[in-house]
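The values are calculated or read from the model by the stated rules, or taken from the named source; none is laboratory data. Everything numeric here is computed off the predicted structure, so don't read it as measured data. When we count neighbours, we look across all protein chains shown, and the Cβ atoms used for this are built from the backbone with ideal geometry, even at glycine.
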Amino acid sequence: MTRERLYLFDTTLRDGAQTNGVDFTINDKIQIADMLDQLGIDYVEGGYPGANPADTELFSKERDLNATFTAFGMTRRPGRSASNDPGLAALLEAKADAICFVAKSWDYHVRVALETTNEENLASIRDSVTAAKQRGREVLVDCEHFFDGYKANPEYALACAKAAYESGARWVVLCDTNGGTLPHEIEAIVRDVVKVIPGDHVGIHAHNDTEQAVANSLAAVRAGARQIQGTLNGIGERCGNANLVSIIPTLKLKKEFAEQFDIGVSDDQLKTLASVSRKFDDLLNRAPNRHAPYVGDSAFATKAGIHASALVKEPQTYEHVPPEAVGNRRRVLVSDQGGRSNLLAELERIGLPVDKSDPRIARLLEEVKEREAMGYAYEGADASFELLARRILGTVPDYFDVEQFDVNVEQRYNALGKRVTVAMAVVKVKVDGETLISAGEGNGPVNALDVALRKDLGKYQKFIEGLKLTDYRVRILNAGTEAVTRVLIESEDEAGESWTTVGVSSNIIDASFQALMDSIVYKLVRSGAKA
Ligand SMILES: [Zn+2]
């Protein structure tokens, strides 16, 4: 049986950017777009060029993605021609493969928010789609408040959708903007829509205000829609958008959908889902949701007892899908089997294959468990994990030894009589029997320590010349009885390769120092530096 193609459209960088407390830099956006691209998402909506400088800059250059890179914006304003609307002009200038217009489809909003006539709103949709088509763009139209609009005035809501489709929009996206529509209503309304617009041109954009954005998206697909819009980890305004991290495995692993549809995410890409979800949380500097379906730490965890022993023998008895399929793992507290195979797979992945029966595997596993209990997070710190594994397997040379460091923060008046805070660090490093002392100044103690540490590493200096820190994140955790600080540092080298290291301590400087050290040593290992 040939399967139908179902398309995934990610709006993390546009609608997700509306989330309370989320503020993406342009570098964040580029990094997330790459993550989405590698996951196999069909459309990546980057933002709203013209609305803020970061989004305008994002769309000032071609982005090298397999996904259709999409710019979001408004249809032409009422009472203006398409050629005389600066907002529309900026959107058409954007370096994007596709343009997603947002358009009113509820007559009430046309009257109250746009303050124009129903007919002028339809003309605005038609003109905007036509203008974007003429510029060679693929066009999508997000019909805002479509479901509420349909309930109030079905003829007009449909007229808006038809205006978009008939003017050449590739996709007419039905939006549950207020997020209050229920799955059975979505299914019934989408069934009506696909009678006039072919389902393979209809998309769904659901918000999560009744916690049914995922269910609503699936209901729309059942009724005939063939594009789903959503975000990573369901971020978005208010209660969020449809969570693609839950939708993707459902489409891939649940028979009803898997037999009928193909999506752009391959089985191998699906296996990266848990790590994508986690990396995204790290980037937002927020703790991952342990109970997130499919990808959370608890999603496949079973406490000791009858369930656990049955689970070890026959995993399917208590699991709705295999955890490995989404890159998660079984956690059974009476056995380390799940952890062990995961660890072996990880070692294999980083090019350190070890024999299954090697006793050092058990030691490494023990060490990881102990350290994770202390607050270390190795899933978000690939380089620190690799170093830990290499150390236990005996393949990390003793490059240098930090004998002592000193960090000093001083607040005083400068020569101009202004109060300033200055941080200074002095580091004493032993390389090849020689003691090197370096001092550094920084805008904070960690920065000063980093400057001093990397100032002079003797014969290793040439390997770390191109090393730079690209991100520094701090989280206070409750591990056991006391609060500890976890520091994650992201570094990059001259070749653009990046890695993350972790440090944990009750003292933030100490935690930062561990992560800095790991980053430098990792770079030396990767560069093949000899002790
Ligand atoms: Zn939305």
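Considering only residues that are within 16 Å of the ligand (Cβ to nearest atom) and either farther than 17 Å from residue 10 by Cβ or of a type in the set (Val, Ile, Thr) (or both), which ones fall in the range 159-175?
172, 173, 174
Take the residues of the range 4-16 that are more than 11 Å from the ligand (Cβ to nearest atom) and not in a strand (DSSP E or B): which is farthest from the chain's Cα centre (by Cα)?
6
Going by the conditions given, is residue 48 hydroxyl-bearing (Ser, Thr, Tyr), farther than 19 Å from residue 234 by Cβ and within 16 Å of the ligand (Cβ to nearest atom)?
Yes, satisfied.
Anything in the range 180-205 that is within 16 Å of the ligand (Cβ to nearest atom) and in contact with a helix residue (DSSP H, G or I) (Cβ under 7 Å, 6 or more places away or on another chain)? List them, or say none.
Residues satisfying the conditions are 181, 186, 204.
Tell me, which residue of the range 116-145 that is buried (at least 22 other Cβ atoms within 10 Å of the Cβ), hydrophobic (A, V, I, L, M, F, W, C) and more than 16 Å from the ligand (Cβ to nearest atom) is farthest from residue 8 (Cα to Cα)?
131
I'm trying to understand the selection: among the residues of the range 25-44, which are within 16 Å of the ligand (Cβ to nearest atom) and under 13 Å from the mean Cα position of the chain (by Cα)?
44
Restrict the check to the range 280-297 and report whether at least one residue is under 15 Å from residue 41 (Cβ atoms), in contact (Cβ under 8 Å) with a residue 60 or more places away in the chain and not in a loop (DSSP other than H, G, I, E, B).
For the range 280-297, residues under 15 Å from residue 41 (Cβ atoms), in contact (Cβ under 8 Å) with a residue 60 or more places away in the chain and not in a loop (DSSP other than H, G, I, E, B): present.
If you go through the range 71-93 one residue at a time, do you hit one that is closer than 17 Å to residue 24 by Cβ and either surrounded by 17 or more Cβ atoms within 10 Å (Cβ to Cβ) or in contact (Cβ under 8 Å) with a residue 24 or more places away in the chain (or both)?
Checked the range 71-93: at least one residue is closer than 17 Å to residue 24 by Cβ and either surrounded by 17 or more Cβ atoms within 10 Å (Cβ to Cβ) or in contact (Cβ under 8 Å) with a residue 24 or more places away in the chain (or both).
Is there a residue in the range 291-305 that is at pLDDT 95 or above, exposed (fewer than 14 other Cβ atoms within 10 Å of the Cβ) and more than 15 Å from residue 205 (Cα to Cα)?
Scanning the range 291-305, I find no residue that is at pLDDT 95 or above, exposed (fewer than 14 other Cβ atoms within 10 Å of the Cβ) and more than 15 Å from residue 205 (Cα to Cα), so the answer is no.
Out of (1) in a loop (DSSP other than H, G, I, E, B); (2) among the polar types (S, T, N, Q); (3) away from the ligand (no atom under 16 Å from the Cβ); (4) closer than 30 Å to residue 267 by Cβ, what's the single condition that is false for residue 60?
Looking at each condition in turn, residue 60 falls short on (4).
Hey, among 282, 268, which residue is under 13 Å from the mean Cα position of the chain (by Cα) and either surrounded by 18 or more Cβ atoms within 10 Å (Cβ to Cβ) or over 22 Å from residue 473 (Cα atoms) (or both)?
282
On the given criteria, is residue 401 under 29 Å from residue 473 (Cα atoms), in contact with a strand residue (DSSP E or B) (Cβ under 7 Å, 6 or more places away or on another chain) and modelled with pLDDT of 90 or more?
Yes, satisfied.
Identify, please: which residue in the range 237-252 is of a type in the set (A, V, I, L, M) and part of a helix (DSSP H, G or I) and is, among those, farthest from the ligand (Cβ to nearest atom)?
Residue satisfying both the conditions and the ranking: 251.
Quick one: what pairs do we get from the range 158-176, first residue of a type in the set (Ser, Thr, Tyr), second not in a helix (DSSP H, G or I), C-beta under 7 Å, 6+ apart or different chains?
So the pair list comes out as 165/172; 165/197.
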